[in-house]
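The values are calculated or read from the model by the stated rules, or taken from the named source; none is laboratory data. Keep in mind that what you see is a predicted model, and the values were worked out from it rather than measured. When we count neighbours, we look across all protein chains shown, and the Cβ atoms used for this are built from the backbone with ideal geometry, even at glycine. To get the accessible areas, we keep the full protein, side chains included, count just its heavy atoms, and leave off ligands, DNA and RNA. Shrake-Rupley method; radii C 1.70, N 1.55, O 1.52, S 1.80 Å.
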Amino acid sequence: MAVVAELVEARLRSALGEPDARASVTFLGTERIEVLRFLDEGVVRYATLGMSAAPMTDPAAALADPDRGPRAELLLSVRAGAAETDKVLRPLAVLAASPQVEGVVVAPGASLDTGEPLWPGASFTSVLVAEPGGLVEDLELEPPLEPVRFLPLLPMTPNEAAWKRARGAEALQERWLRHGTDLRDPLREAVPLAG
């Protein structure tokens with residue numbers, strides 16, 4: 001599926017410009033996952049490349065269809081220079097490999113947990129998968145292949161993640177909005193959850 005990776009990288013470049021850095025991680029029994037870094041006026045964007053090489057398969061399915069199934073890549077945007085956010089490369093690659101390794105289908109509204117801070121000193125150990133289409137448009141592929149969706153990731157503190165599990169993704173996003181939370185701030189505190 002090298003052709004899919006080439007098309008995905010071309011879409012990322014057309015939407016975000018030229019990457020200024022890239023790293024790759026290979027996990028036992030999986031395809032290589034790359035993470036590209038793009039700088040954009042004080043914001044650093046990290047995009048995975050390789051997650052969409054194969055469709056995500058429902059773990060309950062008897063057989064994995066090599067063509068049909070959702071495809072996605074992950075996007076994370078944070079303010080540059082405030083924290084060592086480049087250390088997020090490995091956790092992002094782990095999240096991008098989770099469909100191959102764990103049979104997870106990553107979709108908007110889902111929580112993905114890394115089990116450790118996303119970068120040194122971060123109060124975030126998980127992310128909320130947001131709706132695609134804002135920053136990078138879906139990439140249509142030749143049928144029967146489904147389009148590649150570029151899913152934004154919103155870092156969550158452990159308390160926010162617990163609140164999201166209890167109340168739902170939409171309720172957490174509404175709370176962030178109501179409190180004017182800067183979701184790109186790598187040093188932000190948890191949104192007030194009481195009341």
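Given the structure, is residue 71 at pLDDT 90 or above and of a type in the set (Lys, Arg)? Before you say what the answer is, go through the steps one by one.
Values: at pLDDT 90 or above: yes; of a type in the set (Lys, Arg): yes.
The answer is yes for residue 71.
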* Considering only region 1-96, give the strands (runs of 3 or more DSSP E) lying wholly within it that have at least 2 residues that are farther than 18 Å from residue 130 by Cβ and open to solvent by 40 Å² or more (accessible area, probe 1.4 Å). => 21-25, 33-40
* Does region 115-129 contain at least one residue that is open to solvent by 30 Å² or more (accessible area, probe 1.4 Å), free of Cβ contacts under 8 Å to residues at least 24 places away in the same chain and not in a helix (DSSP H, G or I)? -> yes
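So which residues in region 147-185 are basic (Lys, Arg) and surrounded by 13 or more Cβ atoms within 10 Å (Cβ to Cβ)? Spell out the reasoning first.
Initially, region 147-185 is screened for residues basic (Lys, Arg), giving 149, 164-165, 167, 175, 178, 184.
Once the filter is applied, which keeps residues that are basic (Lys, Arg) and surrounded by 13 or more Cβ atoms within 10 Å (Cβ to Cβ), region 147-185 yields 149, 164, 167, 175, 184.
Counting only residues that are acidic (Asp, Glu) and within 14 Å of residue 95 (Cα to Cα), which one in region 14-56 is nearest to the chain's Cα centre (by Cα)? Break it down into steps so the answer makes sense when it comes.
Filtering region 14-56 for residues acidic (Asp, Glu) gives 18, 20, 31, 34, 40-41.
Filter again for within 14 Å of residue 95 (Cα to Cα), leaving 31, 34.
Details: 31: 17, 34: 12 Å.
Only one residue tops the list, namely 34.
Confirm whether residue 109 is closer than 26 Å to residue 191 by Cβ, out of contact with any helix residue (DSSP H, G or I) (no Cβ under 9 Å at 6 or more places or on another chain) and either outside any loop (DSSP other than H, G, I, E, B) or open to solvent by 10 Å² or more (accessible area, probe 1.4 Å) (or both). Let's see the steps before the verdict.
On the way: closer than 26 Å to residue 191 by Cβ: yes; out of contact with any helix residue (DSSP H, G or I) (no Cβ under 9 Å at 6 or more places or on another chain): no; either outside any loop (DSSP other than H, G, I, E, B) or open to solvent by 10 Å² or more (accessible area, probe 1.4 Å) (or both): yes.
It is false that residue 109 is closer than 26 Å to residue 191 by Cβ, out of contact with any helix residue (DSSP H, G or I) (no Cβ under 9 Å at 6 or more places or on another chain) and either outside any loop (DSSP other than H, G, I, E, B) or open to solvent by 10 Å² or more (accessible area, probe 1.4 Å) (or both).
For region 97-106, which positions are more than 19 Å from residue 35 (Cα to Cα) and open to solvent by 40 Å² or more (accessible area, probe 1.4 Å)? Step through it out loud before you land on a result.
Step one: of region 97-106, the residues more than 19 Å from residue 35 (Cα to Cα) are 102-105.
Within region 97-106, 102, 104, 105 meet the criteria.
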* To do: Could you please tell me which pairs satisfy a Cβ distance under 6 Å, a separation of 6+ or placement on different chains, a first residue in region 66-91 that is within 19 Å of residue 32 (Cβ to Cβ), and a second residue that is open to solvent by 70 Å² or more (accessible area, probe 1.4 Å) and basic (Lys, Arg)?
  => 72/149
* Structure fact -> Scanning region 141-190 for residues that are part of a helix (DSSP H, G or I) and closer than 18 Å to residue 107 by Cβ gives 161, 164, 165, 169, 170, 171, 172, 173
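Looking only at residues in region 3-13 that are of a type in the set (Val, Ile, Thr) and over 15 Å from the mean Cα position of the chain (by Cα), which one is nearest to residue 82 (Cα to Cα)?
The first filter runs over region 3-13 and keeps only residues of a type in the set (Val, Ile, Thr), leaving 3-4, 8.
Adding the requirement that they be over 15 Å from the mean Cα position of the chain (by Cα) leaves 3-4.
Working: 3: 36, 4: 34 Å.
Applying the filter and picking the extreme gives 4.
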* To do: Identify the single condition in (1) out of contact with any Asp or Glu (no Cβ under 9 Å at 6 or more places or on another chain); (2) within 30 Å of residue 5 (Cβ to Cβ) that residue 145 does not satisfy, given that it satisfies every other one.
  => (1)
